[in-house]
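S.K.: Sharing a structure here in structure tokens format.
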Amino acid sequence: MDGLKEIRLHGRGGLGTVKAAETLVYAAVMDGIYGNSIPFFGFERQGAPVTSFVRISDKPIRPKNRVYNPHAIVVLEPTIMNAVNVFEGVEEGSTLVLNTALKPDKIDIDPKIKTLAIIDANKIALELLGRPITNTVMLGAFVKATGWVSLKNVAEKVEELWGAKNREAVMKGFEEAVIYHLK
């Protein structure tokens, strides 16, 4: 990894957005790099928009505030894009990891996004977990899209927190995410 990578995760209350961010930081530290996460809650209730911020770097991280110019955006629940500008401040050449069943030509994507990972995380979560909690599936897709943290350490932490079924969800997210390189 070269330099600081800033990640913004968008979800809704109850989808595990904050825990997904914490899991990325854990994996980064286990990979021998630095990480920090900062949650941001509006109304703290089930279904309300939730944003969580992550920084990972090969050098110590000083900033402890929100991420304003992300290098990667993870959208755990696609309807959040109707409620929040997920592309605000996005860096040129960034990555979008999106939970959707739509094809790229049906999605309004900021032109600064150069890597797009699409995964139908709702479908996978329902099949494996019996409910549409998408955070673990999205972690697998994020690892595939960026390679910034190791799949092994993400999967280990997920299994420790939520059990073997969620580890399977991470692996399925990694396997089934489709990566597009945009112009």
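S.K.: Could you check region 104-183 for helices (runs of 4 or more DSSP H) lying wholly inside it with 3 or more residues that are out of contact with any strand residue (DSSP E or B) (no Cβ under 6 Å at 6 or more places or on another chain), surrounded by fewer than 18 Cβ atoms within 10 Å (Cβ to Cβ) and of a type in the set (A, V, I, L, M)?
M.R.: By residue number, no helices (runs of 4 or more DSSP H) qualify.
S.K.: Could you please tell me which pairs satisfy a Cβ distance under 7 Å, a separation of 6+ or placement on different chains, a first residue in region 119-141 that is in contact (Cβ under 8 Å) with a residue 40 or more places away in the chain, and a second residue that is among the basic types (Lys, Arg) and in a helix (DSSP H, G or I)?
M.R.: Ile124/Lys172; Leu128/Lys165; Leu128/Lys172; Leu129/Lys165; Asn135/Lys19
S.K.: Can I ask one more? Given the conditions (1) in a strand (DSSP E or B); (2) surrounded by 17 or more Cβ atoms within 10 Å (Cβ to Cβ); (3) at pLDDT below 95, and given that Pro39 satisfies all but one, which numbered condition is not satisfied?
M.R.: Only one criterion in (1) in a strand (DSSP E or B); (2) surrounded by 17 or more Cβ atoms within 10 Å (Cβ to Cβ); (3) at pLDDT below 95 is unmet by Pro39, namely (2).
S.K.: Separate question: Inside region 93-102, can you point out the residues that are over 16 Å from Asn122 (Cβ atoms) and either loosely packed, with under 15 Cβ neighbours inside 10 Å or free of Cβ contacts under 8 Å to residues at least 12 places away in the same chain (or both)?
M.R.: Gly93
S.K.: OK, next. Looking at (1) assigned to a strand (DSSP E or B); (2) buried (at least 20 other Cβ atoms within 10 Å of the Cβ); (3) β-branched (Val, Ile, Thr), which one does Val90 not meet, given that it meets all the others?
M.R.: (1)
S.K.: It is to be established whether one or more residues within region 76-96 are farther than 19 Å from Gly147 by Cβ, modelled with pLDDT of 95 or more, in contact with a helix residue (DSSP H, G or I) (Cβ under 9 Å, 6 or more places away or on another chain) and polar (S, T, N, Q).
M.R.: no
The values are calculated or read from the model by the stated rules, or taken from the named source; none is laboratory data. All of these numbers come straight from a predicted model, not from anything done at the bench. Positions of Cβ are generated from backbone atoms using ideal geometry, with glycine treated the same way; all protein chains shown enter the neighbour counts.
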